[in-house]
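What follows is a single structure, written as C-alpha cells, with notes after it.
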Amino acid sequence: MAGNRLKIKWREYVSVLRTEYGHIFKDSGVILILIFAILIYATVYSLAYRNEVLRDIPVGVVDQSMTPASRQLIRTFDATPNVDVTYTPESMEEAEQLFYERKIYGVVYIPEEYERNLLRGIPAIVGVYVDASYFLMYRQVFSDVVSGLTGTGAEVGFSRLLANGINAPQAEALVDPVEFELKNLYNPYLGYGTFLMPAIIIVIIQQTLLIGIGMIGGTWREFGVYKKLIIPGEKRLSTLPIVLAKATAYMSIYAVTMVYILTLHYKMFHFPMNGAFGDIVSFLVPYVLACIFMGIAISTLFRYRENSILYMLWTSIPILLLSGASVPKEAMPHWLYTLGKIFPSSSGINGFVRIQTMGADLADVRPEVTTLWILCFVYLIVSCIGIRIVLNRSDVR
C-alpha cells in the first residue's frame, strides 16, 4: 500500500513537473520574466555603470584675483581626473546662472586678495560651492577641489619654511608630519557599478522568480490546471509533489542562468570575483530555494496571472532599500531592517557580497546561510499550506 502511494506521488510529481515546464516555455510572458529579464536587467544596469566613476565633471572658477598664484590654482583643479574647469565666469552671478542651467556642477570662488594673503602669511579663504543634490557629483568635485587646495597649501607652507632657513627634509616633515598610504579594499577605483551591481543582481533573481512563479500560479488557477492533472482514481493532487515539482523546474532554469551571470557576465564587466566557486554555489542554493518557495507561497494568492505583475513589480525598490545595500543598516531603524529579513534578498545580498566581492568563505557568512535555510523551511511549509488551501477550493476540484 505504501509503495502504491509512493508511485502515485511520483506520477504526480512528474506530471506537475512536465506541465510546469510546458507552461514556462510556451508562455512568452513568463519566458521574458524568468529567463530574459535577469539577463536584460543585469546587462543594461552593468552597461549604465560601466564607467564606474564620474570623470571630467564641469565646474566654473570665478577668479577675482587674476594673479599667477590664482592661475596656478586653477591649473591644479583642471589637472585632476574628475574635475574639468569648463567655465571661468567673471562674477558669482554669472556662475550662478551657469549652475542653474546645469552647465556646471560646482563653483570655486577665488577672492581678490588671494595672492596678497598668501604672500603676507595670512590664511587665504577660497569658496567652494558644490551641487549636493547629486551625491556622486558632490563627492567627486568636492574631493578633487579640496585635494587641490590642500596640495597648494602644503606647497606654500613648504616655500615659507625654506625662506626661513629650514632645510628641505625638515620643511617637508613639518608640512606633512604624518604620511599615510590609502588602499581601497575590494573596490580599488571606488566604482559605483562594483558597489551596487552585486546587490542588484541578487534582487533581480528574487523579483523575477516571484513575478514569474506568480504568473504561472495565476495561470494554473485561472485555467483549472490543478483539476486537469488529477490522476484517475484520486480525488485531488497531493500537496508536496506539486511544491517540489515546481521548485525543481525553477531551480533547474536558474541554475543555468546563474552560471552565465557568475562567469561570463562578471568577467565581461570586470566585477570582482574573489570568492571560491564552491562557496558561492553553496550559498546561492538556499538563497534561490528560499526565493522559489516564497514565490510558490505568494502565487497561491493570485487568481489571475496579471495579479503577479501588479502586486510584485512595485516591491523591488523597497526590498533593495530594506536590505541595507543602498542605505547602511546602521542608518535605518533597527525594526525596519529586521522586518526586511523576511525577504531572502536581505541575507542574500549581505552574504553574496561578502563572498564574491570580499573573498569571504562560507563559515564567515554562517548567520546569513542559517537565515536562508530557515526561510527555505518556513516558506516551504507556507507554500504547502497555500497549495492545500487552493486544492480544497471548489474552483480546482
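The values are calculated or read from the model by the stated rules, or taken from the named source; none is laboratory data. Since the model is a prediction, treat every value here as computed from it, not as a measurement. Here Cβ is always computed from backbone atoms with ideal geometry, including for glycine, and neighbour counts include all displayed protein chains. Ligands, DNA and RNA are excluded from the accessible area calculation, which covers all protein heavy atoms including side chains. Shrake-Rupley method; radii C 1.70, N 1.55, O 1.52, S 1.80 Å.
Only a single criterion out of (1) surrounded by fewer than 12 Cβ atoms within 10 Å (Cβ to Cβ); (2) modelled with pLDDT of 90 or more; (3) of a type in the set (Val, Ile, Thr) is not satisfied by Ile125, namely (2). Filter the range 61-88 down to the residues that are under 13 Å from Gly127 (Cβ atoms) and touching a Gly at 6+ places or on another chain (Cβ under 9 Å), then identify the one that is modelled with the lowest pLDDT. It comes out as Leu73. One residue stands out in the range 1-59 among those that are within 24 Å of the chain's Cα centre (by Cα) and of a type in the set (S, T, N, Q): the one that is least open to solvent (accessible area, probe 1.4 Å), namely Ser46. Listed conditions (1) open to solvent by 40 Å² or more (accessible area, probe 1.4 Å); (2) more than 30 Å from Ser15 (Cβ to Cβ); (3) among the aliphatic types (A, V, I, L, M) are all met by Leu262, apart from (1). Just to be sure before I move on: is Ile40 touching a Gly at 6+ places or on another chain (Cβ under 9 Å) and not basic (Lys, Arg) in the structure I sent? No; evaluated as a whole, the condition is false for this residue.
Please state which of the following conditions Ala132 fails to meet, knowing it meets all the rest: (1) under 26 Å from Asn51 (Cα atoms); (2) among the aliphatic types (A, V, I, L, M); (3) open to solvent by 50 Å² or more (accessible area, probe 1.4 Å); (4) assigned to a helix (DSSP H, G or I). Checking Ala132 against (1) under 26 Å from Asn51 (Cα atoms); (2) among the aliphatic types (A, V, I, L, M); (3) open to solvent by 50 Å² or more (accessible area, probe 1.4 Å); (4) assigned to a helix (DSSP H, G or I), the one that fails is (4).
The single condition among (1) without any contact (Cβ under 8 Å) to a residue 60 or more places away in the chain; (2) under 22 Å from Glu306 (Cα atoms) that Pro58 does not meet is (2). Scanning the range 13-28 for residues that are in contact (Cβ under 8 Å) with a residue 24 or more places away in the chain and either touching a helix residue (DSSP H, G or I) at 6+ places or on another chain (Cβ under 7 Å) or of a type outside the set (S, T, N, Q) (or both) yields Tyr13, Val14, Val16, Leu17, Thr19, Glu20, Tyr21, His23, Ile24, Asp27. Can we say Phe283 is at pLDDT 85 or above, open to solvent by 10 Å² or more (accessible area, probe 1.4 Å) and over 10 Å from Gly214 (Cα atoms)? No: the conditions fail for Phe283.
For Gln140, the conditions (1) open to solvent by 30 Å² or more (accessible area, probe 1.4 Å); (2) assigned to a helix (DSSP H, G or I) are fulfilled apart from (1).
Residues of the range 270-280 that are open to solvent by less than 80 Å² (accessible area, probe 1.4 Å) and of a type in the set (Phe, Trp, Tyr): Phe271 alone. When the test is whether a residue is part of a helix (DSSP H, G or I) and under 13 Å from Gln207 (Cα atoms), Ile253 does not pass it.
All conditions but one from (1) among the charged types (D, E, K, R); (2) out of contact with any Leu (no Cβ under 6 Å at 6 or more places or on another chain); (3) surrounded by fewer than 20 Cβ atoms within 10 Å (Cβ to Cβ); (4) in contact (Cβ under 8 Å) with a residue 40 or more places away in the chain apply to Lys267; the one that does not is (4). Residues that are surrounded by 14 or more Cβ atoms within 10 Å (Cβ to Cβ) and either out of contact with any Gly (no Cβ under 8 Å at 6 or more places or on another chain) or of a type outside the set (A, V, I, L, M) (or both) within the range 329-338 comprise Lys329, Tyr337, listed in sequence order. Within the range 214-234, count every residue that is part of a loop (DSSP other than H, G, I, E, B), touching a residue at least 12 places away in the same chain (Cβ under 8 Å) and over 22 Å from Ile309 (Cβ atoms). Going through the range 214-234 one residue at a time, the tally reaches 3. Is it the case, given these coordinates, that Gly224 is touching a helix residue (DSSP H, G or I) at 6+ places or on another chain (Cβ under 7 Å) and at positive phi? Yes, satisfied. Against the list (1) within 31 Å of the chain's Cα centre (by Cα); (2) under 30 Å from Val128 (Cα atoms), the condition Ser65 fails is (1). Of all the residues in the range 339-381, those that are closer than 17 Å to Ala247 by Cα and surrounded by fewer than 18 Cβ atoms within 10 Å (Cβ to Cβ) number 5.
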